[in-house]
Amino acid sequence: MSVIPLVFTSGWASGINAYAVVLLLGVFGATGVSDEVPAALQRTDVLIVAGVLFLCEVVADKIPYVDSVWDTAHTVIRPVAGAVIAALLAGESGSLPELAAGAIGGSTALMSHLVKAGTRMAVNTSPEPFSNIGMSIAEDLGVAGVVTFAIFNPVAAAVIAAVLLVLGIVLVVFLASRIRRFLRRRAQRREERHLAESSGPRPPG
């Protein structure tokens with residue numbers, strides 16, 4: 001069977017939480033649940049690093065504004081991770097050229113990352129922190145559920161991932177005004193910080 005559905009699903013999930021994808025796939029491969037997981041993802045050092053970074057993301061992803069800073073820092077990391085995971089999966093199966101798989105996984109990861117980052121910007125316009133926590137938990141559970149399902153039924157999981165990606169894009173378009181409000185607030189904070197730093201300490205009177 002073609003590895004494209006698994007590549008697409010892993011790309012979508014990597015755009016939301018790349019460390020969870022590496023950790024889940026690695027554990028599934030190491031425990032013998034799936035024989036399609038590349039050996040590189042099953043290495044102990046890879047699993048340890050992915051686990052530590054996953055715990056960091058679990059914390060950072062639930063704190064208002066910190067989550068957006070974290071997303072900004074991962075604008076490159078998540079798509080690259082999606083491309084690398086996809087290329088490894090293609091190399092393991094031999095049913096799809098690694099370059100093509102990397103392009104599919106990386107572009108899908110970039111799109112889902114932008115959806116996640118945009119949604120979080122909109123959520124951060126709300127003063128209470130509970131919406132961030134709820135969104136983060138929903139994303140973590142969604143990634144875990146879809147990636148696990150993809151191991152047993154990759155085609156159906158890819159359909160679910162595609163539907164969630166389309167719904168996410170529609171949601172970001174709907175929340176565009178709130179996203180612009182977040183960006184204006186962040187620009188204002190930066191300007192205020194810059195003015196405070198440029199003025200410097202006042203001389204004693």
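The values are calculated or read from the model by the stated rules, or taken from the named source; none is laboratory data. Note that this is a predicted model, so its numbers are computed, not measured. Positions of Cβ are generated from backbone atoms using ideal geometry, with glycine treated the same way; all protein chains shown enter the neighbour counts. Note: accessible area is taken over every heavy atom of the protein model, side chains too, but ligands, DNA and RNA are not part of it. Shrake-Rupley method; radii C 1.70, N 1.55, O 1.52, S 1.80 Å.
Things worth noting here:
- Net charge dipole, the chain: roughly 1060 debye, given to the nearest 20, about the Cα centre with Cβ charges of +1 for Lys and Arg and -1 for Asp and Glu.
- Met111 accessible area, assembled protein chains, probe 1.4 Å, Å²: 80 Å²
- Full-extension gain in nm, Ser95 to Ile133, via 0.36 nm per residue minus C-alpha separation: 9.7 nm
- Taking all protein chains as shown and a probe of 1.4 angstrom, Phe130 keeps an accessible surface of around 150 Å².
- Restricting the stretch 33-91 to chymotrypsin sites (Phe, Trp or Tyr not before Pro) in coil, as DSSP defines it, with at most 16 other Cβ within 10 Å: Tyr65
- Couplings 3J(HN,Hα) of the stretch 163-174, computed from phi: 5, 5, 5, 5, 4, x, 5, 4, 5, 5, 4, 5 Hz, in residue order, whole Hz [Karplus 6.51 cos²θ - 1.76 cosθ + 1.60, θ = phi - 60°; x for Gly and Pro].
- Note on surface exposure: Arg120, Arg185 rank Arg185, Arg120 by accessible area, highest first, 1.4 Å probe.
- Distance (nanometres) between label positions extended 7 Å along Cα→Cβ at Ala144 and Val33: 1.0 nm
- Carbon + sulfur, % of accessible area of the chain - ligands and nucleic acids excluded, 1.4 Å: 72 percent
- Checking [x] 36, 18, 15; [y] 27, 19, 18; [z] 51, 24, 17 against semi-axes √(5λ) of the Cα gyration tensor in Å calculated from these atoms, the matching label is [x].
- Residue-averaged 222 nm ellipticity for the chain, from DSSP H runs of 4+ at -39500 (n - 2.57), nearest 500: -27500 deg cm²/dmol
- Between Val159 and Ala176, the contour length at 0.36 nm per residue exceeds the Cα-Cα span by 3.5 nm.
- Taking a ≥ b ≥ c as the square roots of the eigenvalues of the alpha carbon gyration tensor, the stretch 81-172 is prolate, as a/c is not under 1.5 and a/b beats b/c.
- Cα centroid of the stretch 27-93 to Cα centroid of the stretch 97-164, whole Å: 13 Å
- Gyration tensor verdict on the stretch 32-152 (Cα atoms; rounded if a/c is under 1.5, prolate if a/b is larger than b/c, oblate otherwise): prolate
- In the full protein context, the chain carries 51 Å² of accessible surface per residue, based on a 1.4 Å probe and ignoring ligands, DNA and RNA.
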